[in-house]
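Heads up: the structure comes next, in structure tokens.
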Amino acid sequence: MNTSTVDNLPGRVLCDEIIPARAPWDRRLSRGQTLRIVDVEGNQAVDFLMYNAADDAERYSAQDTIAAQRNIFLRTGTVLLSNEGNPMARVTGTALPYHDTIGGACSCESNTVRYGHHTKLQHACVDNFLEVVLRHGRGKRDLVSNINWFMNVPVEPDGTLGIVDGLSAPGLYVDLLAEMDLIVVISNCPQINNPCNGFNPTPVRAIITG
Ligand SMILES: [Zn+2]
């Protein structure tokens with residue numbers, strides 16, 4: 001493990017964990033703390049949701065974020081807004097040109113439609129998200145449109161979406177500065193039917209400093 005990955009983060013390290021391939025993960029992130037997500041081996045999509053820790057009816061809103069910045073991609077400087085229009089977190093650093101927030105999360109249902117009935121029992125991001133939110137007393141209705149860190153969803157001139165080979169590489173990361181107290185939820189995407197994980201889901205690393 002490359003310890004230099006934490007060298008340029010503000011504050012002291014409060015959490016430094018490996019999220020295994022295909023696994024869910026969630027933590028509380030206090031205002032002013034930074035979460036760094038490291039794509040350890042490269043080309044690993046990290047599906048991501050967040051909720052206001054004080055009132056989970058307030059949660060990430062892809063629509064509000066896209067409308068406010070008048071751009072569909074998440075980059076350094078993007079302010080991630082809630083469904084109430086409040087800043088939840090800010091992307092303070094990433095070497096990738098952009099991350100996705102329109103591709104959605106994979107589910108058993110979408111897998112069977114896209115890739116065939118034989119995929120029905122494959123693990124999916126919606127299962128991971130559900131496992132976490134059920135622990136917090138929430139349910140399927142609380143799974144809103146998510147962020148896909150490290151995932152490449154280009155938009156063609158005619159509006160068509162693609163899910164193609166990732167732009168990420170081993171050791172690249174994204175830093176999020178919390179603008180409010182948050183519950184952050186990750187599904188380390190188990191998808192094996194398209195290139196979003198290079199057809200080989202791998203671990204990622206989560207570091208919290210503050
Ligand atoms: Zn997925």
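Taken over region 68-84, the residue count meeting the criterion of being open to solvent by less than 40 Å² (accessible area, probe 1.4 Å), under 18 Å from Ala178 (Cα atoms) and not in a strand (DSSP E or B) is 1.
Scanning region 31-63 for residues that are under 11 Å from Val144 (Cβ atoms) and outside any loop (DSSP other than H, G, I, E, B) yields Leu49, Met50, Tyr51, Arg59, Tyr60, Ala62, Gln63. For region 86-110, a tally of residues being open to solvent by 40 Å² or more (accessible area, probe 1.4 Å) and either hydrophobic (A, V, I, L, M, F, W, C) or over 16 Å from Gly166 (Cβ atoms) (or both) returns 7. Those residues that are buried (at least 20 other Cβ atoms within 10 Å of the Cβ) and touching a residue at least 60 places away in the same chain (Cβ under 8 Å), I need them from region 144-162; list them, please. Listed by number, the residues that qualify are Asn146, Ile147, Asn148, Trp149, Phe150, Met151. Here Asn200, Asn188 are screened, and the one residue that is of a type outside the set (A, V, I, L, M), within 16 Å of the ligand (Cβ to nearest atom) and closer than 16 Å to Ile147 by Cβ is Asn188.
Checked against the criterion of being over 21 Å from Leu167 (Cβ atoms) and open to solvent by 50 Å² or more (accessible area, probe 1.4 Å), region 35-54 has at least one qualifying residue. Residues in region 185-209 that are closer than 26 Å to Gly85 by Cβ and in contact with a Phe, Trp or Tyr (Cβ under 7 Å, 6 or more places away or on another chain) were compared, and the one that is surrounded by the most Cβ atoms within 10 Å (Cβ to Cβ) is Ser187. Tally up the residues in region 111-135 that are over 27 Å from Arg75 (Cα atoms) and either more than 13 Å from the ligand (Cβ to nearest atom) or open to solvent by less than 30 Å² (accessible area, probe 1.4 Å) (or both), please. Qualifying residue count, region 111-135: 12.
The values are calculated or read from the model by the stated rules, or taken from the named source; none is laboratory data. Quick caveat, the model's predicted, so the values are computed rather than measured. Please note: Cβ atoms are built from the backbone with ideal geometry, for glycine as well, and neighbour counts cover all protein chains shown. When the accessible area is computed, the model is the full protein with side chains, heavy atoms only, and any ligands, DNA or RNA have been set aside. Shrake-Rupley method; radii C 1.70, N 1.55, O 1.52, S 1.80 Å.
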